[in-house]
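Each value in this text was obtained by applying a stated rule to the coordinates, not by laboratory testing. Computed from a predicted structure; not experimentally measured. Every residue, glycine among them, receives a Cβ derived from its backbone with ideal geometry; neighbour counts consider all protein chains shown.
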Amino acid sequence: MNNGLSDKLLNGMLATLLLVISAGCTSHTAVEEKTGGKAEPQLFDKDAYVGSARCRDCHWREYDSWKHTLHSKFMQSASDDAVLGDFERNNKLVSAVPQKAPELAGKDIVTTMFRKDGKYYINALGPDWELHDYEIAYIIGINNRQNYLTTFPNGAIHVLPVEWDVRQTKWVDNYGLEKHYPGSGNYWSDDKRNWQFKCGGCHTTGMKINYDAEMHSFNTTFGDIGIGCEACHGPGRDHIAAARTYFEKEKDTIINPSKLQWRIRAAVCGQCHNWGVSAAKITPYREGFPERYSYPYGFEVGKPLYLFFIDEPVDDKRHHQQYNEWNESAHAEAGVMCTTCHGVHQEGQHKNPNKALTKYISDTLCTNCHTTIRQKAAHRIHTFGSCIACHMPKTKGTEHSHTFKFISPEESLRAGGVDKKPNSCSGCHHHRNTPLTALVEFLDAVKKEDMPVPFSVHGR
């Protein structure tokens, strides 16, 4: 009797197993029928963003090192861990309304930053010429400056009119009343300053604006806030399906920039490290919107950047000029590209945790390739100096020039001063206050000492 019971149990288990196998076969057959006889993923759905957290499941080492980079923290939700500005003591900025404003001309307006019930707010003059408490939804920046974003009732996102200067620990105007006023076109709350059109594509990954023209409303979504894995590798849904369901074509369903042709690889960085506007016009358009996006709207990793981007100086983005300048440099001609000098999602080749993720520290990075520099002219008197200070001076805010060319004080002189055109000499503490004419004459003299006599044969 026990043997009979055992046989029944065994037969039941076998039947169950056959049902499971049958179900699995049926499921696989259905997939094959749906895909035309072969179970394989559709390659590269450009809207199929899944977020960096999904990448972590398999690529946890890369994910962990990416979390050390500024890219991962470029945009964050407002929280005590992310906010750097002083919202308690040094929390007011007084600005006078421009005299040309149609209302409140010349009147001092106080913008106040404060916390309430665990949230952060900025009380500022809004589009209706009234002061309102704007809740901070997101923050941008953690290194030199920090901006604060709020979401309007219609879903439009705007950067609030003050930013925190991290180095000087003070509040400064940001498209607020210092130069603008409500309705002037470039005031922080005007439609032209809509963050989704001006900035969003380079501060998030996989952003969908979702603008409804009839309702004048936005239902914007992100794959990631910040620069996530898919910003450089392309959307990842098909890659996950290939790895977990189909067990094939994993490499065909994701982009590895290191295997791209070198100029296309540089374009992956250039999609954000540029100045210019999109080739695409904003559609649907509404009066007051900017004509074009301020980033290469629709850019697909692995495609040439020029298909999506018009290279022209835009003052709003001059702090993102690296790709444009590199394109004009001798480095670009020689095939020396972004990832030759910079790491990607690691803390530098020698674990150097600097903000730029360079593979070597400071001048060591340059001399790793430039090993035969002749000690002539300016090089002869700057053996104690810095390659970067002279060949990569700061030309806009805290951004270093990427033309890698020495910028003469003569260029500043022609432009009308260092504030109009920074140069390679005036940034050094020794020459910071030296008149430009004196620096030009000094450099001429240094060059002549290395030239044979008579100088006239060299056009001197």
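For residue 167 and residue 56, calculate 0.36 nm times their separation in residues minus their Cα-Cα distance, and state this gained length in nm to one decimal. Mind dumping the intermediate values first?
Details: separation 111, 0.36 × 111 = 39.96 nm, distance 3.35 nm.
Going from the current span to full extension adds 36.6 nm.
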Query raised in the report: Which ³J(HN,Hα) values in Hz, rounded to whole numbers, follow from the phi angles of segment 107-122 under the Karplus curve 6.51 cos²θ - 1.76 cosθ + 1.60, where θ = phi - 60° and Gly and Pro get x?
Result: 7, 6, 10, 9, 9, 10, 9, 8, 10, 7, 6, x, 10, 10, 9, 10
Query raised in the report: Residues with amide H under 5 Å of residue 217's amide H, sequence separation 5 or more or different chain, H placed in the peptide plane at 1.01 Å from N; which?
Result: 212
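I'd like to compare 52-59, 161-168, 106-113: which one has the highest average count of other Cβ atoms within 10 Å, and what's the full order after that? Display every interim value, and only then the final one.
Working: 52-59: 16.5, 161-168: 18.1, 106-113: 15.0.
My ranking of the peptides, most packed first, is 161-168, 52-59, 106-113.
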**Report entry** residue 307-residue 131 pseudo-label distance in nm [points 7 Å out on the Cα-to-Cβ vector]
**Finding:** 5.2
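Arrange 157, 361 by Cβ neighbour counts within 10 Å, fewest through most, would you? Working shown, then result.
Numbers: 157 20, 361 11.
Ranking 157, 361 by Cβ neighbours within 10 Å, fewest first, gives 361, 157.
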Query raised in the report: Is any residue of segment 124-166 close enough, with backbone N under 14 Å, to a label point placed 7 angstrom from the Cα of residue 77 along the Cα-Cβ axis, and if so, which?
Result: 136-139
Requested in this report: Specify, per residue and in Å³, the volume enclosed by the convex hull of the alpha carbon atoms belonging to segment 49-202.
Outcome: 127
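Averaging over every viewing direction, what projected area does the convex hull of the Cα atoms of segment 259-343 cover, in nm²?
Working: hull surface 24.2 nm².
If you wrap the Cα atoms of segment 259-343 in a convex hull and average its projections, you get 6.0 nm².
How big is the charge dipole of segment 259-343 about its Cα centre, in debye rounded to the nearest 20, if each Lys and Arg gets +1 on its Cβ and each Asp and Glu gets -1 on its Cβ?
Details: 9 positive and 10 negative charges, 76 e Å.
In total the dipole reaches around 360 debye.
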Requested in this report: Place +1 on the Cβ of every Lys and Arg and -1 on the Cβ of every Asp and Glu in segment 259-343, take the dipole about the Cα centre, and give the residue among 294, 343, 275 whose Cα lies farthest towards its positive end.
Outcome: 343
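So which of 92/170; 394/421; 281/396; 420/447 end up more than 18 Å apart, counting from Cα to Cα? Don't jump to the answer; show the numbers that get you there.
Working: 92/170 10 Å; 394/421 10 Å; 281/396 27 Å; 420/447 26 Å.
Result: 281/396; 420/447 exceed 18 Å.
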Query raised in the report: So what's the gap between the Cα centers of segment 278-309 and segment 145-168, to the nearest angstrom?
Result: 23
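State, to one decimal in nm², a quarter of the convex hull surface area for the C-alpha atoms of segment 121-204, i.e. the direction-averaged projected area. All intermediate terms of the calculation are to be shown ahead of the outcome.
Working: hull surface 22.0 nm².
About 5.5 nm², averaged over all directions.
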Report summary line: Proxy exposure order for 138, 295 (fewest C-beta within 10 Å first) is 138, 295
Query - From phi via Karplus (6.51, -1.76, 1.60), per-residue ³J(HN,Hα) for segment 64-74 in Hz, x at Gly/Pro - result: 5, 6, 4, 5, 7, 8, 5, 4, 5, 10, 5
Query - Under-5 Å amide H pairs with residue 136, H placed in peptide plane, nonlocal only - result: 120, 121, 122
Report summary line: Working note, segment 50-106: Cα radius of gyration (Å, one decimal) and Dmax (Å, whole number) are 20.7, 59
Query raised in the report: What are the residues whose amide H is under 5 Å from the amide H of residue 145, where those residues sit 5 or more places off or on another chain and H is modelled from the backbone?
Result: 166
